[in-house]
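Just below is one structure, and these are the notes that go with it.
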Amino acid sequence: MLANKKGSLIGAVLAVSIGILVIHVNFVIFQGLYDAIIRDLSDYRFGDVRITDEESFITKSDIFLVNWFERIPYVEAASPRMQSSASINSTKWGVRVEEFRVPVVGVDPFRDPRVSTVYQTVIDGQYVFSRNSVVLGSSVARDLGDLQVGDVIKIKITDRFGVDRVRQFLVSGIVRSPGGQGLDTSIIIHIDTLRDMMERQGETGEILVKLNDRKKADEVKNYFLTTFPNDDFIAETIEESAEQALSGFRSGIAMINMIGYFGMMSSAFAVVTIQMMLVSSKTREVGIMRAIGAKRKDILIIFIVQGMIIGAMGASVGTAMGLGYTFYAKESKMSFQGSIPLEVSYDWPKIIQTALMAFGLAVMASVYPSFKATKLQPVEAMRYV
């Protein structure tokens, strides 16, 4: 019946296909952005597992903890970090500029590049290389009068006893990361220098752990907490560490996905309309079939099969277009106007679920037009012969 109604067939198939494509595009963009934020927060700030202490600072030897983690097969590397805030001033072209409460990150320049990719975001100069060097986030460098590599700044940090400690540093590099998830608003110095200025020798703010398989994060976290039950350690996966930053974004993704599914339901209404048109245009054929003995269920099956054909073709075409878009986004490392590159992946269960849902909606959308076709009486239908 559908063979001589190619326009209607193409329209119905496209309606289903576009509904699937919309869901794929939404997933690639918004889920890809969410995964990219997790990737960058893990690579720049938290690691795959982050160890802190309930008392704010870890007093156990950082070398001991790093060596303990690196004996685990799933662990690629571990490194200590310490954080504080500082007042910074600089003088350039005779103008003195001062910034307050700037985040300071103390890193081990030898171990940190193994767990973090911050060093890869250096756009000028080099990463921290000595105890008297400092790397500026691009936002900090701009706010301090467009500082460049080779400029000198003074950093004031209040130590644990309330005493202000001031030191002079040489700017060795500037960092800037796409999307601003890195340390663009911070300054980076040698962790031993920060310990000295804070009077926290031998202490550590956190241990970042990099895994060769992020799926093992919970296992490594639980193993660590079981091994040190009498310490006040806090172990968190990246999702737990960045929960505050990610919770609102997850709500946004859920809303966007809901909009996509509403779009698919709209395509089902399009299928209903097209099937109704087909029923109206096939009144003569239905009358002839009923006159020669066809039963209502035979007519019902014919139009349901049409819906199945539309659903199968639409699901196939839509899934193919969606996979093509996903492949393009993944291979091109899609980003928008230089923002954070998307972390694109193939979620096969979701892909199959979407295709099956589209097929099911197309079949269900054929039920009412099919039922209406069975109500046609042979005598009435034959009036159109």
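The values are calculated or read from the model by the stated rules, or taken from the named source; none is laboratory data. Small disclaimer: the values here were computed from a predicted structure and weren't measured. So basically every Cβ, Gly included, is an ideal-geometry build from the backbone, and we count neighbours across all protein chains shown. Note: accessible area is taken over every heavy atom of the protein model, side chains too, but ligands, DNA and RNA are not part of it. Shrake-Rupley method; radii C 1.70, N 1.55, O 1.52, S 1.80 Å.
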Of these, SER130, SER177, which one is polar (S, T, N, Q) and over 28 Å from the mean Cα position of the chain (by Cα)? SER130
Could you tell me whether PHE64 is assigned to a helix (DSSP H, G or I) and of a type in the set (A, V, I, L, M, F, W, C)? yes
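Only one residue in SER172, SER186 is modelled with pLDDT of 90 or more and either out of contact with any Pro (no Cβ under 6 Å at 6 or more places or on another chain) or among the hydrophobic types (A, V, I, L, M, F, W, C) (or both), so which one is that?
Values: SER186 fails: either out of contact with any Pro (no Cβ under 6 Å at 6 or more places or on another chain) or among the hydrophobic types (A, V, I, L, M, F, W, C) (or both).
Matching residue, one of SER172, SER186: SER172.
Has the range 160-180 got any residue that is over 18 Å from TYR44 (Cα atoms) and aromatic (Phe, Trp, Tyr)? Quick ask: steps written out before the conclusion?
Here is the first cut: in the range 160-180, the ones over 18 Å from TYR44 (Cα atoms) are 160-172.
Filter once more, so that each one left must be aromatic (Phe, Trp, Tyr): 161, 169.
The answer is yes; a qualifying residue exists.
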Which condition from (1) touching a residue at least 12 places away in the same chain (Cβ under 8 Å); (2) open to solvent by 80 Å² or more (accessible area, probe 1.4 Å) is the one that PHE327 breaks? (1)
Taking the range 196-220 only, how many residues are within 20 Å of ARG101 (Cα to Cα) and either of a type in the set (A, V, I, L, M) or surrounded by fewer than 21 Cβ atoms within 10 Å (Cβ to Cβ) (or both)? 5
Whether any residue in the range 178-194 is open to solvent by 10 Å² or more (accessible area, probe 1.4 Å) and under 14 Å from ILE51 (Cα atoms) is what I want to check. no
Could you list all residues from the range 221-239 that are assigned to a helix (DSSP H, G or I) and either open to solvent by less than 30 Å² (accessible area, probe 1.4 Å) or within 9 Å of VAL49 (Cα to Cα) (or both)? LYS221, PHE224, ILE238
Just name the residue that is surrounded by the fewest Cβ atoms within 10 Å (Cβ to Cβ) out of those in the range 94-114 that are touching a helix residue (DSSP H, G or I) at 6+ places or on another chain (Cβ under 9 Å) and aliphatic (A, V, I, L, M). VAL97
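Sort through SER79, SER90, SER42 and tell me the only one that's of a type outside the set (D, E, K, R), open to solvent by less than 20 Å² (accessible area, probe 1.4 Å) and part of a helix (DSSP H, G or I). Lay out the reasoning, then the answer.
Details: SER79 fails: part of a helix (DSSP H, G or I); SER90 fails: part of a helix (DSSP H, G or I).
Going through SER79, SER90, SER42 in turn, just one is of a type outside the set (D, E, K, R), open to solvent by less than 20 Å² (accessible area, probe 1.4 Å) and part of a helix (DSSP H, G or I): SER42.
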Flag if PRO113 is part of a strand (DSSP E or B) and either within 20 Å of LEU194 (Cβ to Cβ) or of a type in the set (Val, Ile, Thr) (or both): no
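Among the residues that make up the range 135-143, is at least one of them farther than 21 Å from LYS92 by Cα, without any contact (Cβ under 8 Å) to a residue 24 or more places away in the chain and not hydroxyl-bearing (Ser, Thr, Tyr)? Show your work before the answer.
First, pick out the residues of the range 135-143 that are farther than 21 Å from LYS92 by Cα: none.
No; the residues of the range 135-143 include none that is farther than 21 Å from LYS92 by Cα, without any contact (Cβ under 8 Å) to a residue 24 or more places away in the chain and not hydroxyl-bearing (Ser, Thr, Tyr).
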Answer yes or no: is there a residue in the range 145-157 that is out of contact with any helix residue (DSSP H, G or I) (no Cβ under 8 Å at 6 or more places or on another chain), assigned to a helix (DSSP H, G or I) and either within 22 Å of SER116 (Cβ to Cβ) or without any contact (Cβ under 8 Å) to a residue 60 or more places away in the chain (or both). no
Would you check if there is a residue in the range 67-74 being among the hydrophobic types (A, V, I, L, M, F, W, C), surrounded by fewer than 18 Cβ atoms within 10 Å (Cβ to Cβ) and within 30 Å of ASP143 (Cα to Cα)? no
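Being assigned to a helix (DSSP H, G or I), open to solvent by less than 40 Å² (accessible area, probe 1.4 Å) and within 22 Å of LYS350 (Cβ to Cβ): is that true of ILE23 here? Before you say what the answer is, go through the steps one by one.
On the way: assigned to a helix (DSSP H, G or I): yes; open to solvent by less than 40 Å² (accessible area, probe 1.4 Å): yes; within 22 Å of LYS350 (Cβ to Cβ): yes.
Taking the combined requirement at face value, the residue satisfies it.
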